[in-house]
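The values are calculated or read from the model by the stated rules, or taken from the named source; none is laboratory data. Here the structure is a predicted model, which is why all the values come from computation and not from measurement. Methodologically, a virtual Cβ is constructed for each residue, glycine included, from the backbone with ideal geometry; neighbour enumeration extends over all protein chains shown. In case anyone asks, the SASA skips ligands and DNA or RNA and just uses the protein heavy atoms, side chains included. Shrake-Rupley method; radii C 1.70, N 1.55, O 1.52, S 1.80 Å.
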Amino acid sequence: MSPTVPRIVMKFGGTSVADLDRIRAVAEKVRKQVEAGCEVAVVVSAMSGVTNRLVGYCRDLSATHDEREYDAVVSTGEQVTSGLLAIALQKLGINARSWLGWQIPLRTDNAHGKARIESIDGIALIESMRAGQVPVVAGFQGIGEDGRITTLGRGGSDTSAVALAAALKADRCDIYTDVDGIYTTDPRIVTKARKLDRITYEEMLELASVGAKVLQTRSVELAMKERVRVQVLSSFNDGPAPSEGHLPGSLVVDEDEIVEQEQVAGIAYSRDEAKVSVRQLPDRPGIAAAVFGPLADANVNVDMIVQSTGDDGMTNMTFTVGKADLARAIAVLESTHATTRYAELQTDDSVVKISVVGVGMRSHAGVASTMFRTLAERNINVQVISTSEIKVSVLIASEYTELAVRALHTAYGLDAA
Ligand code: ADP
Ligand code: ASP
Ligand code: MG
């Protein structure tokens, strides 16, 4: 086999394989790529809605279910689609075969429900591709050190695809979804969102980590580390089969591949956080450690933090935790009361975190002040602020999500013409 045969990983998300018609359409897309002379490995998600249903079953039976059994249940969605797509491909005369995580094997750690990939043995897959077969890999799943099925966290098929592309030394990892690329913000809430031809790994990583669900954060992290070329594109429109030089979607690339760098690349929002305020704590050295240490010990991730101190020797701590961790966070904080002696604990889960991201922030001042002014003009109160080198985030009331994202999108000059 000539070493110049391009090798592509094609990943299809839940809406792309939502029913048999969609699976037939995906099979056609794969066929085009095979007929264009590529070696192709496919990664599939579960049919849309299926993972949510399976997660719901586990939660309804027991709020404290065994995570190993959760993985045994929720990983089945991808098993179904990998088999169905293999059948649809075979119907088109393509030699296709389904692969589950343990069959590859794709090895992970033992963190059931949010496992990390440790290694992928690409040999069997490469041999099958060399023999003219199209492997159809069940995304989102692997095999843990305990020999049991693991899953990679919600949205994890993106990470399966990127990891596979790295292991197979693929020329590109194409992530097919229900939008035709990466936009300046979620095109479902801002109709003027603009499609980006290219975005840097760094910006995409930051956008994903603050809520842009188009790629799972770990997939971007891995792509950046392994230098995998990732393209996001639509499985719904029938454009020509993508070929290098003319890519229909958005490419995630190194900074030096971007000609004109905007100040702000994009805006993301996350409704996954809740606000916690611990009021009237004694303002003494060690009080922050007394609050946050036990939360960390209980595996509760804390994101944004503000501390405001009065003249009365008392201080308030306000911070955010994942909504899924809120109940646990409250229990932990209540258990620290004997040492922290706070007067009041308040929580609010009707909040949204809005973030603006751009590597241009390193060299441009004023990004944060534009954000605050724009929100003030709309009478939107900022509750918590946090910043990093290429990001500014604010926490606001969730009812203002769309209004705030649209106003900021316009303020940073991101609107499509
Ligand atoms: P899949 O099921 O294919 O994995 P996801 O729902 O996980 O698809 O991701 C695609 C969705 O991501 C889009 O439908 C869109 O609403 C959302 N999204 C959020 N931010 C962005 C963005 N900046 N660009 C494109 N899509 C975005
Ligand atoms: N089916 C899994 C989920 O819904 C993984 C994925 O689609 O990426 O989270
Ligand atoms: Mg996804």
#### Entry: Positive-end extreme of charge dipole, the stretch 262-405 - chosen from Ala290, Phe319, Phe372 (charges on Cβ)
Phe372
## Note on the structure
Of Ser160, Ser363, ordered by accessible area with the largest first and a 1.4 Å probe, the sequence is Ser363, Ser160
#### Entry: Sites Glu69 and Arg154 - FRET efficiency at Förster radius 22 Å, r taken between beta-carbons, to 0.05
0.80
### Query
Straight-line reach from Lys275: which aspartates and glutamates have Cα under 12 Å away, leaving out those fewer than 8 places along the same chain?
Asp303, Asp325, Asp348, Asp349
### Task
Write down the percent of antiparallel bridges among all DSSP beta bridges whose residues are both part of the chain, to the nearest 5.
65
### Total charge dipole magnitude, the stretch 338-393, about the Cα centre, Cβ charges on Lys, Arg, Asp, Glu only, Debye to nearest 20
200
### Message
List the pairs from Lys29/Lys195; Lys29/Lys169; Lys29/Lys114 whose alpha-carbon separation is above 27 Å, in the order I gave them.
### Response
Lys29/Lys114
### Task
Would you list, by chain and number, the lysines whose Cα falls below 18 Å from the Cα of Lys32, excluding same-chain residues fewer than 8 positions away?
Lys11, Lys91
### Message
Leaving out ligands, DNA and RNA, and with a 1.4 Å probe, what % of the accessible surface on the stretch 152-246 is carbon or sulfur?
### Response
49
### Query
Hey, with R₀ at 35 Å, roughly what FRET efficiency would Ala365 and Arg271 work out to, going by the Cβ-Cβ distance, to 0.05?
0.70
### Cβ-Cβ FRET estimate between Asp109 and Glu377, R0 fixed at 45 Å, reported to 0.05
0.40
## Note on the structure
Length gained if Gln280 through Ile189 is fully extended, taking 0.36 nm per residue and subtracting the Cα-Cα distance, is 28.9 nm
### Task
Give the angle, between 0 and 90 degrees and rounded to the nearest 10, that separates the Cα long axis of helix 157-167 from the longest principal axis of the Cα atoms of the chain.
60
### Kirkwood-based Rg to Rh ratio, the stretch 1-78, C-alpha trace
1.17
### Query
In degrees, nearest 10, range 0 to 90: what is the angle between the Cα axis of helix 287-297 and the longest Cα principal axis of the chain?
30
## Note on the structure
In debye to the nearest 20, the charge dipole size for the stretch 54-196, taken about the Cα centre with +1 at each Lys and Arg Cβ and -1 at each Asp and Glu Cβ, equals 540
### Summary
Answer in debye to the nearest 20: the dipole magnitude of the chain about its Cα centre, from +1 Lys/Arg and -1 Asp/Glu charges placed on Cβ, is 680
### Task
Pop a pseudo-label 7 angstrom from the Cα along the beta-carbon direction at both Glu127 and Ser234 and give the gap in nm to one decimal.
4.2
### Task
Taking only Cα atoms and a 10 Å spring cutoff, compute GNM fluctuations for the chain and point out the largest among Asp197, Asp71, Asp21.
Asp21
### Summary
Subtracting the Cα-Cα distance of Val55 and Lys323 from 0.36 nm times their residue separation yields 94.9 nm
### Task
Compute the long axis of helix 367-377 from its Cα atoms, compare it with the longest principal axis of the Cα atoms of the chain, and write down the angle in degrees, 0 to 90, nearest 10.
70
## Note on the structure
Partner aspartates and glutamates whose C-alpha sits under 14 Å from that of Lys192, ignoring same-chain residues fewer than 8 away, are Glu402, Asp415
### Query
What spacing in nm lies between the two simple spin-label points modelled at Leu345 and Asp254, each 7 Å away from Cα in the Cβ direction?
4.9
### Task
Using per-residue counts of other Cβ atoms within 10 Å, averaged over each peptide, order 44-51, 318-325, 87-94 from highest down.
44-51, 318-325, 87-94
### Query
For the chain, the longest stretch holding no GluC sites (Glu not before Pro) located in a DSSP loop with at most 10 other Cβ atoms within 10 Å is which?
1-243
#### Entry: Probe 1.4 Å, accessible area per residue of the chain, Å²
45
### Message
On a 1.4 Å probe surface of the protein chains, which of Met304, Met314 comes out largest in accessible area, and what is the full order?
### Response
Met314, Met304
### Message
If each DSSP helix of 4+ residues adds -39,500 (n - 2.57) and the sum is divided by the residues in the chain, what number results at 222 nm, nearest 500 deg cm²/dmol?
### Response
-10000 deg cm²/dmol
### Message
Whole-Hz ³J(HN,Hα) for each residue in the stretch 76-86, computed from phi via Karplus 6.51 cos²θ - 1.76 cosθ + 1.60 with θ = phi - 60°, x for glycine and proline: what do you get?
### Response
5, x, 6, 4, 4, 5, 5, x, 5, 5, 4
